[in-house]
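Only one structure is covered here, and it is reproduced in the block below.
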Amino acid sequence: GIQVEQSPPDLILQEGANSTLRCNFSDSVNNLQWFHQNPWGQLINLFYIPSGTKQNGRLSATTVATERYSLLYISSSQTTDSGVYFCADNTGGFKTIFGAGTRLFVKA
Amino acid sequence: NAGVMQNPRHLVRRRGQEARLRCSPMKGHSHVYWYRQLPEEGLKFMVYLQKENIIDESGMPKERFSAEFPKEGPSILRIQQVVRGDSAAYFCASSPPRLASETQYFGPGTRLLVL
């Protein structure tokens with residue numbers, strides 16, 4: 001099955017800083033998604049981004065399917081952005097494969 | 001419109017007991033997924049169900065684990081004869097039929113602790 005790798009595994013930012021999170025996949029993907037898991041464990045959909053670029057407030061995501069990667073940009077980070085960011089894909093059917101996540105901590 | 005609901009939120013069991021985890025999907029959602037998350041790890045797919053049908057259970061251990069999504073009522077993930085290694089957070093997600101491959105909405109999870 002497809003392998004999903006995320007980098008960096010951990011990230012500490014000062015409030016207001018920008019960051020880029022990366023997701024690499026081992027094969028073609030068609031249903032790439034980004035999720036945020038807050039410190040209380042709740043998972044929230046951020047983007048469904050099989051290709052191209054989408055923006056939602058301070059967050060944006062870009063997927064370059066031909067080169068098998070996706071990027072999540074966080075601008076002007078806030079403490080509420082802390083948590084774990086996952087990318088996931090279910091191209092092979094409904095079995096969704098998650099990456100190991102990037103753990104982000106934003107300092108006030 | 002209430003989100004995906006899971007109960008209980010926390011469950012403590014002794015080794016050998018049974019654990020039953022419930023998931024009520026969002027209104028109008030007919031697809032349910034179960035995932036397991038070990039501490040400091042990502043989510044691992046367990047099973048995908050539609051009403052009264054198991055579509056893909058390739059991620060579920062063959063023994064002690066079972067799942068159902070009856071015509072009426074919540075989806076149930078059942079773990080028999082729990083062992084310490086079953087301690088984890090179990091998340092349920094649901095999606096509407098038309099967007100089944102695109103959008104999953106997650107519940108708050110059930111944190112199972114096996115003593």
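Taken together, the values in this text are just the output of simple stated rules run on the coordinates, not laboratory data. All of these numbers come straight from a predicted model, not from anything done at the bench. With ideal geometry, Cβ positions are generated from the backbone for all residues, glycine too; neighbour counts draw on all protein chains shown.
Could you give the size of the charge dipole of segment B:19-83 about its Cα centre, using +1 on the Cβ of each K and R and -1 on the Cβ of each D and E, expressed in debye and rounded to the nearest 20?
Here the size comes out at about 200 debye.
Assuming R0 = 30 Å, what is the FRET efficiency of A:Phe105 and A:Val64, from their Cβ-Cβ distance, to the nearest 0.05?
Efficiency at R0 = 30 Å is approximately 0.60.
Determine the distance separating the Cα centre of segment A:31-91 from the Cα centre of segment B:41-85; give it in Å without decimals.
27
Quick one: if you stick a label point 7 Å off each Cα along the C-beta vector at B:Ile55 and B:Lys71, how many nm between them?
So the two model labels end up 2.0 nm from each other.
Classify chain A: rounded, prolate or oblate, from the alpha-carbon gyration tensor (a ≥ b ≥ c, eigenvalue square roots; a/c under 1.5 rounded; otherwise prolate if a/b is larger than b/c)?
Prolate, since a/c reaches 1.5 and a/b exceeds b/c.
Counting Lys and Arg as +1 and Asp and Glu as -1, each charge on the Cβ, what is the dipole of the protein assembly as shown about the Cα centre in debye, to the nearest 20?
Charge dipole of the protein assembly as shown: 680 debye, to the nearest 20.
What does the net charge come to around B:Glu72 if you take all other residues with beta carbon closer than 11 Å to its beta carbon, with K and R at +1 and D and E at -1?
+1
Taking only Cα atoms of segment B:1-93, what ratio of Rg to Rh do you get with Rh as the Kirkwood inverse-distance radius?
When Rh is taken as the Kirkwood radius, the ratio is 0.94.
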